[in-house]
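This report concerns only the one structure given below.
The values are calculated or read from the model by the stated rules, or taken from the named source; none is laboratory data. As the structure is a prediction and not an experimental result, all values here were calculated from the model. Because the Cβ atoms are built from the backbone with ideal geometry, glycine has one as well, and the counts that use them run over all protein chains shown.
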Amino acid sequence: MQKGFVAYNNEQKSLEAETEGIKNSQTLIQKAMNWFSARSMFVVAYGTGCGAIEMPPVFTSRYDIERLGVVGVATPRQADIMIVSGYCSLKTLRRVIRTYEQMSEPKYVIALGSCTINGGMYWDSYNTIKKLEEYIGVDMYVAGCMPRPEALIEGFVKLQESIRNNTIQPGYVKYREDYAYYQANQEKLLGKETQPVYEEDYAGMNLS
């Protein structure tokens, strides 16, 4: 009886050790994935507002943010990050939502400038939004009007630290889990059709 108990106890400890080893390996794998994700950021080349003028110096030779693992890409389906660069009109917001929803997870948003935080100088405009975070998931704000390239680089560095150390709940997770909230805000502002509407034959091109 005692031998059977000892054998059972040893088997249990062996199983627990194997399980703990799996947990540790998953932790190491997750840490590695976070590190690689933080060091390979693809930014969709989409200037949404006046802050877009600050972005070229960041990506070219003067500041050369590519040395930090940040590069620009042509389409949202290739991208990990979208920068909403300044004021966002209702017409632009439709395209921002469409671009954001075309990006694959994990995806992140950097909101650039005061306008994305509180409306900035357009706070009383009938045609611009006040808080971007009410319509899509936002991961990092960079304040200013407009922030200099150094500020945008600091925003990237802080976002990289957050991804690497897993210290934030990503905006895309909040957007997915609380989609009804975001959708209600979008429809309140834009109506039931939140996606941009294109004319079928614009300049001879079929865009439907």
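Some values worked out for this structure:
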read-out	value
Condition broken by Y87, with the remaining ones in (1) buried (at least 22 other Cβ atoms within 10 Å of the Cβ); (2) in contact with a strand residue (DSSP E or B) (Cβ under 9 Å, 6 or more places away or on another chain); (3) under 15 Å from M140 (Cβ atoms) satisfied	(3)
Residues (under 27 Å from P106 (Cβ atoms), at pLDDT below 85 and surrounded by fewer than 13 Cβ atoms within 10 Å (Cβ to Cβ)) located in the stretch 173-208	Q195
Any hit, the stretch 123-136, residues being acidic (D, E) and under 30 Å from L28 (Cα atoms)	no
Residue within the stretch 119-133 that is touching a Pro at 6+ places or on another chain (Cβ under 7 Å), buried (at least 17 other Cβ atoms within 10 Å of the Cβ), under 21 Å from A45 (Cβ atoms) and among the aliphatic types (A, V, I, L, M) present	no
So E54, is it modelled with pLDDT of 80 or more, surrounded by 10 or more Cβ atoms within 10 Å (Cβ to Cβ) and part of a helix (DSSP H, G or I)	yes
Residue check, T60 loosely packed, with under 13 Cβ neighbours inside 10 Å and not small (G, A, S)	yes
Of all residues in the stretch 151-175 being without any contact (Cβ under 8 Å) to a residue 24 or more places away in the chain and part of a helix (DSSP H, G or I), the one that is farthest from I83 (Cα to Cα)	S162
Selection status of D139, over 15 Å from T48 (Cβ atoms) and modelled with pLDDT of 90 or more	yes
Pair list, Cβ < 6 Å and 6+ apart or interchain, from the stretch 52-74 residues that are more than 16 Å from P147 (Cα to Cα) to residues that are assigned to a loop (DSSP other than H, G, I, E, B) and among the polar types (S, T, N, Q)	G69/S40
